[in-house]
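Quick notes on the structure that follows.
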Amino acid sequence: METEKRAERVIETLTGPWEKRVLPRMARALPPWVNSDHLTVLGIFAGFVIFAGFMLLRSSRWWIMLSNAGFVLHWWADSLDGTLARVRHREREKFGYFVDHVCDAFTVALISVGLALSPLVHLGVGLSVAMGYLLMNVYAHIEAYVDHVFKISYGRIGPTELRVVYMAITTAGAFWNPVLFRAFGYGFTTTDVLAFAAGAGLMTVFIVLSIRTAIRLDRQDRANWTA
């Protein structure tokens, strides 16, 4: 019987070296009764905190600080759930992989819908960010299947960097968001342009990487014919 080969995790982000030093220490400092499942649930709760902060922006711009707190909480919980399992030698490889990424997909969709319904951006712009991120998520999992490599980052940009960008754009937009141009009967603000650029950038990376990987795999398979 052919043995199952697990995908190797590859993390090459700007914040990666710092996280590799800090996260294990934070995991070891947690009380024994806290486990990875608690942190996964906390990450989902953080998504609802971010969503609520975006919704409440209609009453005050200062609610953006609630969203920022949610982003920090989500980073902490999402980064520590797997780290805690590895530190305590309580890994559940298949369960953890499945549940972690299902929850990530749900949380990203929740955050993006919250942004789309907020006064910061138009609905279509906010959903373009969700589409770009989820497409990259799909690509990462397909690549993990065909190459046995699960890449967390592309171009030194990973989930932590994306959270920082998200926080910077939305915080700036909450306090300064002038209309840059009008089209199709709508006024498009600075946050609209930046958020759309982020979503379009993710979709462009998805398309380019997908084509490159397809060409590479096709050449590999054709080489096997002659071999």
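A few notes on this one:
- Residue selected from the stretch 152-164 under the condition in contact with a helix residue (DSSP H, G or I) (Cβ under 8 Å, 6 or more places away or on another chain) and assigned to a loop (DSSP other than H, G, I, E, B), by the criterion nearest to Gly126 (Cα to Cα): Gly158
- Residues that are exposed (fewer than 15 other Cβ atoms within 10 Å of the Cβ) and not in a helix (DSSP H, G or I) within the stretch 175-207 comprise Trp176, Pro178, Val179, Leu180, Phe181, Arg182, Ala183, Phe184, Gly185, Tyr186, Gly187, listed in sequence order.
- On inspection, Glu91 does not qualify as within 15 Å of the chain's Cα centre (by Cα), of a type outside the set (Phe, Trp, Tyr) and surrounded by fewer than 17 Cβ atoms within 10 Å (Cβ to Cβ).
- Criterion violated by Phe51 - all others in (1) free of Cβ contacts under 8 Å to residues at least 60 places away in the same chain; (2) over 21 Å from Ala140 (Cα atoms); (3) of a type in the set (Phe, Trp, Tyr); (4) surrounded by 14 or more Cβ atoms within 10 Å (Cβ to Cβ) satisfied: (1)
- If the condition is being crowded, with 20+ Cβ neighbours inside 10 Å and among the small types (Gly, Ala, Ser), then the stretch 62-76 contributes Ser67, Gly70.
Each row is one residue, and each column tells you yes or no for (1) at pLDDT 90 or above; (2) in contact with a strand residue (DSSP E or B) (Cβ under 6 Å, 6 or more places away or on another chain); (3) not charged (D, E, K, R).
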| residue | (1), (2), (3) |
| --- | --- |
| Ile142 | no, no, yes |
| Val149 | no, yes, yes |
| Ile152 | no, no, yes |
| Ile157 | no, no, yes |
| Ala168 | yes, no, yes |
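- The residue pairs whose first member lies in the stretch 64-90 and is free of Cβ contacts under 8 Å to residues at least 24 places away in the same chain, whose second member is among the small types (Gly, Ala, Ser), and whose beta carbons are closer than 6 Å, counting only pairs six or more residues apart or on different chains, are Leu66/Gly53.
- Figure legend. Inter-residue proximity from the stretch 30-42: first residues touching a residue at least 40 places away in the same chain (Cβ under 8 Å), second residues of a type in the set (Gly, Ala, Ser) and surrounded by fewer than 16 Cβ atoms within 10 Å (Cβ to Cβ), beta-carbon distance below 8 Å, spacing 6+ or different chains. No pairs are indicated.
- For Ala172: the one exception among (1) over 19 Å from Phe54 (Cβ atoms); (2) among the small types (Gly, Ala, Ser); (3) surrounded by 13 or more Cβ atoms within 10 Å (Cβ to Cβ): (1)
- In the stretch 113-151, the residue that is farthest from Thr189 (Cα to Cα) out of those that are part of a helix (DSSP H, G or I) and β-branched (Val, Ile, Thr) is Val146.
- Considering residues of the stretch 111-123 that are surrounded by fewer than 18 Cβ atoms within 10 Å (Cβ to Cβ) and in contact (Cβ under 8 Å) with a residue 12 or more places away in the chain only, the residue farthest from the chain's Cα centre (by Cα): Pro119
Residue by residue, here is whether (1) crowded, with 17+ Cβ neighbours inside 10 Å; (2) of a type in the set (Lys, Arg); (3) out of contact with any helix residue (DSSP H, G or I) (no Cβ under 8 Å at 6 or more places or on another chain); (4) closer than 21 Å to Ala77 by Cβ holds:
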residue: Val125; (1), (2), (3), (4): yes, no, no, no
residue: Ser128; (1), (2), (3), (4): yes, no, no, no
residue: Gly132; (1), (2), (3), (4): yes, no, no, no
residue: Ala140; (1), (2), (3), (4): yes, no, yes, yes
residue: Tyr145; (1), (2), (3), (4): no, no, yes, no
residue: Val149; (1), (2), (3), (4): no, no, no, no
residue: Tyr166; (1), (2), (3), (4): yes, no, no, yes
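- With respect to being assigned to a helix (DSSP H, G or I), farther than 22 Å from His74 by Cβ, in contact (Cβ under 8 Å) with a residue 40 or more places away in the chain and of a type in the set (Asp, Glu), Asp221 falls outside the description.
The values are calculated or read from the model by the stated rules, or taken from the named source; none is laboratory data. Quick caveat: nothing in here was measured; it's all calculated off a predicted structure. Here Cβ is always computed from backbone atoms with ideal geometry, including for glycine, and neighbour counts include all displayed protein chains.
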